[in-house]
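Trainee: Take this structure first; my questions come after.
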Amino acid sequence: MNINLSQCFIAVDDPDEALVFYRDVLGLEVRDDVAFEGMRWVTVGSPAQPDVDIVLEPPLADPNASSADRQAMAELLAKGMLRGVIFATDDVDATFERISAAGGEVMQEPVDQPYGVRDCAFRDPSGNMLRFARSHGG
């Protein structure tokens, strides 16, 4: 029996702004862009991983949610407390330079962590933490 990752979800408050970041800055391809009941989901992914999708979704994708719940989710998103994603790269320093040159909000410059990983970190336009770590063999 094989179990593989198919999709992961990242909450974004502005899908257009998120699309520019994930497509134009990170270089992910757009796979789907769906609107439903006043909400929008944009699916992106790495061309090197055609079977793994990242879905950029509204912070609270429930049309029946209360305004208090929507406000609470918006506040958590603004604080960067909803999601975190770790991407693998073969060159952490070059990835850092490319993203920071494009205006990415730096959280951590490239560093060799005591647990054996070299990585760096950014916030996406919605406040989500994205880490970029050296891939195995990189």
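Trainee: Does the stretch 115-123 contain at least one residue that is more than 17 Å from the chain's Cα centre (by Cα), surrounded by fewer than 16 Cβ atoms within 10 Å (Cβ to Cβ), at pLDDT 95 or above and of a type outside the set (Lys, Arg)?
Mentor: No, every residue in the stretch 115-123 fails to be more than 17 Å from the chain's Cα centre (by Cα), surrounded by fewer than 16 Cβ atoms within 10 Å (Cβ to Cβ), at pLDDT 95 or above and of a type outside the set (Lys, Arg).
Trainee: Here is a follow-up. Pairs under 9 Å by beta carbon, first residue more than 25 Å from ALA65 (Cα to Cα) in the stretch 31-46, partner at pLDDT 90 or above and of a type in the set (Phe, Trp, Tyr), six or more apart or different chains?
Mentor: From the stretch 31-46, the pairs are VAL44/TYR22; SER46/PHE87.
Trainee: Mind checking which pairs have a first residue in the stretch 104-124 that is closer than 22 Å to ASP24 by Cβ and a second that is of a type in the set (Asp, Glu) and in a loop (DSSP other than H, G, I, E, B), Cβ under 9 Å, 6 or more apart or different chains?
Mentor: That search, which allows pairs on different chains as well, returns GLY104/ASP124; GLU105/ASP124.
Trainee: In addition: What about ARG131, is it closer than 21 Å to LEU56 by Cβ and either of a type in the set (A, V, I, L, M) or outside any strand (DSSP E or B) (or both)?
Mentor: no
Trainee: Something else now. Taking into account only those residues within the stretch 64-119 that are in contact with a Leu (Cβ under 7 Å, 6 or more places away or on another chain) and assigned to a strand (DSSP E or B), which is farthest from GLN49 (Cα to Cα)?
Mentor: The selected residue is VAL85.
Trainee: Report the residue count in the stretch 60-75 for those that are surrounded by 16 or more Cβ atoms within 10 Å (Cβ to Cβ) and without any contact (Cβ under 8 Å) to a residue 60 or more places away in the chain.
Mentor: Looking only at that region, the number is 2.
Trainee: What is the residue count in the stretch 3-40 for residues that are buried (at least 17 other Cβ atoms within 10 Å of the Cβ) and of a type in the set (Val, Ile, Thr)?
Mentor: The qualifying residues number 3.
Trainee: Here's something else I'd like to know. Specify which of the listed residues (THR89, THR43) is in contact with a Phe, Trp or Tyr (Cβ under 9 Å, 6 or more places away or on another chain), of a type in the set (S, T, N, Q) and surrounded by 13 or more Cβ atoms within 10 Å (Cβ to Cβ).
Mentor: Result of the check over THR89, THR43: THR89.
Trainee: Here's another thing I want to ask about it. Do we have GLU57 as charged (D, E, K, R) and under 15 Å from the mean Cα position of the chain (by Cα) here?
Mentor: yes
The values are calculated or read from the model by the stated rules, or taken from the named source; none is laboratory data. Please read all numbers here as calculations on a predicted model, not as lab measurements. Because the Cβ atoms are built from the backbone with ideal geometry, glycine has one as well, and the counts that use them run over all protein chains shown.
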